[in-house]
1. Take the eigenvalues of the Cα gyration tensor for segment 2-194, scale each by 5, and report the square roots as semi-axes in whole Å, largest first.
2. Full-extension gain between Leu151 and Arg87, please, as 0.36 nm times their residue separation minus the C-alpha to C-alpha distance.
3. Using a cut-off of 12 Å between beta-carbons, work out the net charge of the residues near Leu37 (Lys and Arg +1, Asp and Glu -1, Leu37 not included).
4. Using a simple spin-label model with points 7 Å from Cα along the Cα→Cβ vector, what separation in nm is obtained for Arg61 and Val209?
5. Please give me the summed charge of the neighbours of Ile288: other residues whose Cβ is under 12 Å from its Cβ, Lys and Arg +1, Asp and Glu -1.
6. Just subtract the alpha-carbon distance of Lys27 and Arg321 from 0.36 nm times their residue separation and send over the number in nm, one decimal.
7. Going 7 Å from the Cα of Val198 in the Cα-to-Cβ direction, what parts of segment 94-116 have a backbone nitrogen less than 11 Å from that spot?
8. Less than 22 Å apart at the alpha-carbon level, and either on another chain or at least 8 residues along: which lysines does that give for Lys169?
Amino acid sequence: MATVWNEFELKRPPLVTLRAPNTAFAKKCFMAINKYLQQLTEPMAVEFEETAALISRLMARRKNSFRGLPGFRAICKLNAALCRLLRLDLPRELQHFRGSLPDVCDAALAGEMPTRSSFEYILVRLQSVYHLHERIRECCLAAAKYFSQLLRSNFFMEFITLIIAAIAKINRLSVLEANRCVKLYNRLRPQCSHFPQVDRHRFLPEDCVLPVNLHLIKTTQPEEPKTATTSLMSKPPPVITKLEKAQQRAKMDVGTLIERKATRNPSTQTVDFSVSSLQTIEDVKTFIRRESKSRKQAPENCITKALKKHEWQAAVTLFERKLLANEHKKALSIFLKFISSKI
């Protein structure tokens with residue numbers, strides 16, 4: 001049977017209708033197919049198609065960068081399986097078969113029904129979609145296992161995080177899509193014997209037998225937090241008084257308070273300064289270097305903190321110009337008068 005459902009270019013048998021004395025079973029087939037087609041319009045099915053398109057674009061974008069990596073080869077296989085799932089176009093086959101069912105179905109009414117070959121073709125296509133989703137999940141696990149190792153090595157963090165998220169989403173949605181396909185197959189399979197059959201035109205080979213049912217895939221859903229529901233049988237929460245709360249707080253170990261002596265920061269200590277200490281040109285140069293450094297590091301603790309930045313720069317510039325002009329006494333006199341007036 002594997003050679004039949006795995007054949008991608010499987011030819012659809014000609015749609016031929018024969019008269020059947022009982023058409024009551026056709027109603028079950030119509031309702032099952034109609035419910036499946038309605039589920040394809042839900043947001044989950046739309047998300048599956050959008051995520052598949054995202055994986056295809058990501059693969060095309062990084063084809064040159066990751067073409068030699070085993071995980072990327074799994075992504076290519078995953079994209080090929082998604083493209084094959086799209087080309088199978090199961091909804092179109094179901095709509096085509098649903099249109100051949102009679103409009104009125106009843107046990108006492110005879111009507112035109114499609115042959116068993118057309119119905120078996122639908123069942124084989126359902127098997128193909130089921131096993132194709134199984135292939136998709138295998139590729140997802142192989143790719144996620146490899147890319148998670150790269151993620152631990154901080155290799156292409158942004159791209160790998162996005163591709164792992166897309167793989168996880170397509171894996172979860174593939175499980176749900178496969179379970180929908182299984183439910184449809186299990187509902188349609190018992191009706192196979194009711195369809196009329198043409199002995200000269202059989203769709204399945206003699207050595208092939210359709211499985212009675214397909215197995216649902218178990219999904220592990222996260223446990224929802226239990227909400228606290230109040231009922232008559234549940235006991236009310238105990239009432240805690242203020243005294244009991246105070247006693248509980250007193251029993252708590254809050255540690256021991258430690259008092260530390262405040263240490264004075266040497267940078268915050270006041271420095272005694274007198275203008276009369278500046279007697280020579282060298283003293284003034286030393287004072288300028290010390291004050292310039294102090295104004296940059298701790299301007300609130302320097303001696304000339306009352307001077308603005310432009311005032312200090314003007315005094316230093318004037319002092320240097322007088323030195324260059326060989327007017328040492330005038331430079332010393334002007335600088336000392338300016339500093340004494342501002343401090």
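1. They are 41, 15, 12 Å, listed from largest to smallest.
2. Full extension from Leu151 to Arg87 adds 19.7 nm.
3. Residues near Leu37 contribute +2 overall.
4. Going by the 7 Å Cα→Cβ label model, 5.1 nm.
5. Net of charged neighbours comes to +1.
6. 95.0 nm
7. So the set is 115-116.
8. List returned: Lys63, Lys77, Lys145, Lys183, Lys218.
Where a number appears in this text, it was derived from the coordinates with a stated rule and is not lab data. Keep in mind that what you see is a predicted model, and the values were worked out from it rather than measured. Please note: Cβ atoms are built from the backbone with ideal geometry, for glycine as well, and neighbour counts cover all protein chains shown.
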